[in-house]
Each structure stands twice: as C-alpha cells, then as structure tokens.
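First the structure, in the form of structure tokens, and then the observations on it.
The values are calculated or read from the model by the stated rules, or taken from the named source; none is laboratory data. This structure is a prediction, so every number in the text was calculated from the model and none was measured. Methodologically, a virtual Cβ is constructed for each residue, glycine included, from the backbone with ideal geometry; neighbour enumeration extends over all protein chains shown.
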Amino acid sequence: MTKNGLVLGIETSCDETAAAVVQNGRTIRSNVIASQVDIHQRFGGVVPEIASRKHIEWIMPVIDEALVKAEVDLGDLDAVAATYGPGLVGGLLVGLAAAKSLAFARGLPFVGVNHIEGHIYANILAHAGIQAPLVCLTVSGGHTDLLYMPELGTYDIIGRTRDDAAGEAFDKIGRVLGLPYPGGPQISHWAEQGNRERFLLPRGLLDADTYDFSFSGLKTAALNTMNQAKQRDEELPLADFAASFQWAVVDVLTQKVLKAALVYDVEQILLSGGVAANTSLRSHLTETAAKHGVQVFYPPFDLCTDNAAMIASAGYYRYVNGQRDPLNLNAVPGLRLGQR
C-alpha cells in the first residue's frame, strides 16, 4: 500500500511548531520542533493568540527543515498527517492548513490524527516489544486519560480527569509558587531535594469505585497550605512542599493505573504525554508494577512532550489501515479518543 513508507507529520496543537518524517511508522527520519516556551514564560502560560501567530511564522521553515534532515522531498512521501484536535483552535488550524495544502498540491493522501493518540504512538516509536492488550495512561497539561487497549488502535476510555489534568495542576501550583513556566519540571526539580512526607495532601477519588481522576481538591489544599504559611509569616520549605505535592499526584496515578492493569489482566502498561517525563512517576510506577509482573513502557524524554514524530507514526498506521480524510476536515479543539 505504500511506496516508501514515508509520512510527513505536523503538530501545532499548543505552543510547539513541529514537523517530522517517519518511515514505516517506527523509524524517525527527522523530528524538528520550534518551541515557544521562552516566549510564553513571561505570561506564566500559553497565550493562544501569540501561539497562533508564531505557528504561522514558523510552520513552513519547520516543514522544510524536516524534509531536508530526512533527505526526502515531497515526491517521496506516501501521505501527510496532522493533528486536528484536541488543542488550541488557532494553532490546530495553522497545522491543518499547511498539511492539507501540501497534500492537495502534490496529490497525497491526508490523514487527521488525534493528538492524544499521537502520544500513545510515541511508545511505538521507542519500543519494539509492545503488545496488546494493555492499559495506557496519557497524562499531560491538558489531559489525564486512562485507557484499556484490547488491540493497538482500539481504545476503551475507562477513566479520565473530572476537573484539572495532572499537568495543569503542576503548572498552576508552580505559577503560584513563582516558579518559571512550565511549572511541572520546576516542581519535579525541587522535589528531588525534599521530604515528600512533610505535608499531608489529599488524594482525590483514590478510594472511590472509579478509574476517574480529580486534582482540583489537591490544588485547593496546596493553595491553602501556601496561604496559611504566608498568614503566619512563615517561609514555605519549597523542596518539601514540591515533593509532597508531586507525591500526591504520583501516588494517585500509580494506584489507579495498577488497579486497572490487574482488573483487566494485562501484562503491559504504557505511559505517555508530557507528564510521562516525570522521573518520580516513571520510577514509582515501574517498581510498583514489577511487583505484580507487569511491564511499564514510556517514551524517551524528547518524545514525551509535543512532537510531530508521534503524529507521523499514528498517521502511518491509520493510513495503512485505509483511513483517508477529506481536505475540509476541520479542527476539533475538544476532540476525544474514538471520536471522528
């Protein structure tokens, strides 16, 4: 079905302008990312309008660089894939417009990819031994989804956040603490030096009969702890507080995922999304799961955050399975897995 197995992937769902060429769904020929983190740091978070304008400015140079680094031209490609949701609508539209224009101009098939599914396929790029059935936790600044996958490409959503995503909670607390954006890596850095037992913080929905998550209560408790220290004119021990907050998140994620793995009787767990880069989550989930004979897979750090290689990989597998999308496919900011 493919001539060269080459798919150009484009990702612009938030504040990274990214393009990549992946061969046969597994071999990364190029993976170019233009990050806007430095631009948005002064605002404490992503400003959608600024992000969209930067995507417009950078999209074609990034695509050109991806093709050059892969040593291919548009005529070598089998298909073009792009994220069409979820994400910030302005950014999504920029990536979609570029991808559909290239597909139309060169007569190439176009495939729309769900951003969350892309994160899952970051593991496919990194590991050859992944086999369904399995349980996957996708956790990032915008999403915390727990999935049962009876086979690759098929998803049953068994749990998701009812309020804040885990990464969003990290970033919000980091911002209140005065740490640079994004807050998650900063909290993780300070947590390495702290005592995670110093502050007792709540674990939302941990004892409930559900795989859903809730981090709003944890966020509120953390804010109250900071305010109380300020009212008493006490200096908050940053390292201990960061360690306690991180441990509250990691503990909940680990227990929920492991429970699902045991109930669904799977031998593998996938960890994906930006928060998959958290070293505490990686190590604790791996060690806990190993006690029950369950393997844990997670991508290398450079494939945890938003990138286009994961979109190209997911797009390749959808392409070889016959998916073709029309050139009027629109951005869907609130897109969920399994939705078209």
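Numbers for the structure displayed
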quantity	calculated
Given (1) buried (at least 20 other Cβ atoms within 10 Å of the Cβ); (2) in contact with a helix residue (DSSP H, G or I) (Cβ under 9 Å, 6 or more places away or on another chain); (3) closer than 26 Å to A289 by Cβ, number of the condition A260 does not satisfy	(2)
Hits in the stretch 107-123 (condition: touching a strand residue (DSSP E or B) at 6+ places or on another chain (Cβ under 9 Å) and more than 13 Å from A308 (Cα to Cα))	L108, P109, F110, V111, N123
Filter pass, V68 being on the phi < 0 side of the Ramachandran plot and in contact (Cβ under 8 Å) with a residue 40 or more places away in the chain	no
For Q23: the one exception among (1) surrounded by fewer than 18 Cβ atoms within 10 Å (Cβ to Cβ); (2) without any contact (Cβ under 8 Å) to a residue 24 or more places away in the chain; (3) more than 22 Å from V332 (Cα to Cα)	(1)
Residues located in the stretch 212-244, provided they are in contact with a Ser or Thr (Cβ under 9 Å, 6 or more places away or on another chain), hydrophobic (A, V, I, L, M, F, W, C) and closer than 21 Å to R162 by Cα	F213, F215, A222
Only one of Q228, Q295, Q255, Q268 that is surrounded by 21 or more Cβ atoms within 10 Å (Cβ to Cβ) and in the same structural domain as M149 (by TED's automatic domain parsing)	Q268
Wholly enclosed helices (runs of 4 or more DSSP H) of the stretch 241-340 bearing at least 2 residues of a type in the set (V, I, T)	279-290, 309-320
Residue, farthest from G118 (Cα to Cα), within the stretch 132-166, restricted to residues that are crowded, with 19+ Cβ neighbours inside 10 Å and acidic (D, E)	D164
Helices (runs of 4 or more DSSP H) wholly inside the stretch 1-115 that include at least 3 residues being touching a helix residue (DSSP H, G or I) at 6+ places or on another chain (Cβ under 8 Å)	48-70, 89-106
Search result, residues across the stretch 116-166 that are free of Cβ contacts under 8 Å to residues at least 60 places away in the same chain, outside any strand (DSSP E or B), under 24 Å from V249 (Cα atoms) and of a type in the set (V, I, T)	none
Criterion: in the same structural domain as F297 (by TED's automatic domain parsing), without any contact (Cβ under 8 Å) to a residue 40 or more places away in the chain and crowded, with 24+ Cβ neighbours inside 10 Å - qualifying residue of G178, G183	G183
